[in-house]
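Read the structure below first, then the notes.
The values are calculated or read from the model by the stated rules, or taken from the named source; none is laboratory data. What you see is a predicted model, and the numbers here were worked out from it, not measured in a lab. Every residue, glycine as well, gets a Cβ built from its backbone with ideal geometry; the counts of neighbours run over all protein chains shown.
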Amino acid sequence: MPGGVAVVAADGTIRDATRAFVERCGTGIVGQRLDDVCGGAVADGEITLRLPSGSAQARVHAVPGGARLIAVEPDGIVADGRQPQQPDPVYLRVLGRCRIEGPGDHTQTGRWLEQRPGQLLRLLVAGRTRVLPVDDIADALWPEAPAASTVRYTVHALRERLERAGATERGAGLILSHRGGYRLNSDRVTVDADVFEREVRDGLAAFAAEGTALATRLLERAVARYAGEFLEEEPYAEWAASERERHREHLRLALEALATLSQRRGDLVTAAGHWARLADLEPLDAEVHRNVIELCLRRGRHGEARRRYDGLARRLHDAYGEGPSFALESLSGARRS
């Protein structure tokens, strides 16, 4: 219910509220009286609430025990007789080097993203589906520092940086406080990793359904979006590892599907490019390298095929003490040549 819902006890005290209701009325409202927070008396039917963004219509629903549900109408919020203007969204690029793209062509990069505010932003991105408690933030980033004071100061510094970059405005920030922790404002920020994952899923679904043109378009767009590892500035952070590996697997599946689609239509050059990118991603995967070498031979690129085969053999020997499971001369492209 995007307008927001609160549970109000019979005495008018707010007992709980959804995220949308808290964002409209302000943090710390649980435990306060509804009429003190937003001027709404608990009565059945329809009431008007006074919110920071303007007045809002809400419906009151009785529930067992004498409590009430206060449901804000999604389209009932007005300010000065007009619908309030929503802040422009912010786009976070975290596949590859971290970059913030805000409204008005504001793009934020630079040294501050390598310092504590940037570390905090990357941690919030990695945990963007939940509220991160202050102690968890401190343990993940600065276990040697006093928890609460360091985190609060860094949150303040991060908010100032984002405002200075034109990515946000006061009162409509990217970083929200919530019950002893912080989280990204999902209503204000889009993360490129989420867009990438959605495009890969949709592209693979189209591929499975034999929707060749749609699958190719979606998957090509997705792999072009993958500019590097997820949060590559944090290569050893445990809190980024699982999501990084998940995105690598999505990239692998997308490249395999694109290579297959290219081979089906006889475009061996494009197919070889997809397999080669996957080979760079998986330097010890003999089956992937076999596909690259096979296409080199079929295209008459015998020198490249030999170099790739010898390189694979060296890497496998160094890692496992054994060579490839196939001989170069056994590949169908070599036999035809």
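Out of the residues in the stretch 320-336 that are assigned to a helix (DSSP H, G or I) and not charged (D, E, K, R), state the one that is modelled with the lowest pLDDT. Working first, answer last.
At the first step, the residues of the stretch 320-336 found to be assigned to a helix (DSSP H, G or I) are 320, 328-330, 332-336.
Checking the rest, the ones that are also not charged (D, E, K, R) come to 320, 328, 330, 332-334.
Values: Tyr320: 91, Leu328: 87, Ser330: 83, Ser332: 66, Gly333: 56, Ala334: 51.
Per the stated criteria, the residue is Ala334.
Does Glu232 count as out of contact with any helix residue (DSSP H, G or I) (no Cβ under 6 Å at 6 or more places or on another chain), outside any helix (DSSP H, G or I) and farther than 30 Å from Leu113 by Cα? Talk me through it step by step, then tell me what you get.
Numbers: out of contact with any helix residue (DSSP H, G or I) (no Cβ under 6 Å at 6 or more places or on another chain): yes; outside any helix (DSSP H, G or I): yes; farther than 30 Å from Leu113 by Cα: no.
No; evaluated as a whole, the condition is false for this residue.
Of all residues in the stretch 120-135, which are in a helix (DSSP H, G or I) and farther than 16 Å from Ala241 by Cβ? Break it down stepwise before answering.
Step one: of the stretch 120-135, the residues in a helix (DSSP H, G or I) are 120-126, 134-135.
Those that are in a helix (DSSP H, G or I) and farther than 16 Å from Ala241 by Cβ: Leu120, Leu121, Leu124, Val134, Asp135.
List the number of the failed condition for Gly228; all other conditions in (1) in contact (Cβ under 8 Å) with a residue 40 or more places away in the chain; (2) crowded, with 17+ Cβ neighbours inside 10 Å hold.
So the condition that Gly228 fails would be (2).
Condition check ((1) closer than 11 Å to Leu95 by Cβ; (2) within 16 Å of the chain's Cα centre (by Cα); (3) part of a helix (DSSP H, G or I)) across all residues:
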site	(1), (2), (3)
Leu219	no, no, yes
Ala222	yes, yes, yes
Ala227	yes, yes, no
Tyr236	no, no, no
Glu243	yes, yes, yes
Glu249	no, yes, yes
Leu253	no, no, yes
Ala257	no, no, yes
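Would you check if Thr216 is touching a helix residue (DSSP H, G or I) at 6+ places or on another chain (Cβ under 9 Å), β-branched (Val, Ile, Thr) and surrounded by fewer than 18 Cβ atoms within 10 Å (Cβ to Cβ)?
Values: touching a helix residue (DSSP H, G or I) at 6+ places or on another chain (Cβ under 9 Å): yes; β-branched (Val, Ile, Thr): yes; surrounded by fewer than 18 Cβ atoms within 10 Å (Cβ to Cβ): no.
Here the answer is no, as Thr216 does not meet what is asked.
Only one of Arg306, Arg315, Arg290 is surrounded by fewer than 18 Cβ atoms within 10 Å (Cβ to Cβ), in contact with a Pro (Cβ under 9 Å, 6 or more places away or on another chain) and in a helix (DSSP H, G or I); which? Don't jump to the end; show me each part of the working.
On the way: Arg306 fails: in contact with a Pro (Cβ under 9 Å, 6 or more places away or on another chain); Arg290 fails: surrounded by fewer than 18 Cβ atoms within 10 Å (Cβ to Cβ).
Result: Arg315 is the single residue among Arg306, Arg315, Arg290 that is surrounded by fewer than 18 Cβ atoms within 10 Å (Cβ to Cβ), in contact with a Pro (Cβ under 9 Å, 6 or more places away or on another chain) and in a helix (DSSP H, G or I).
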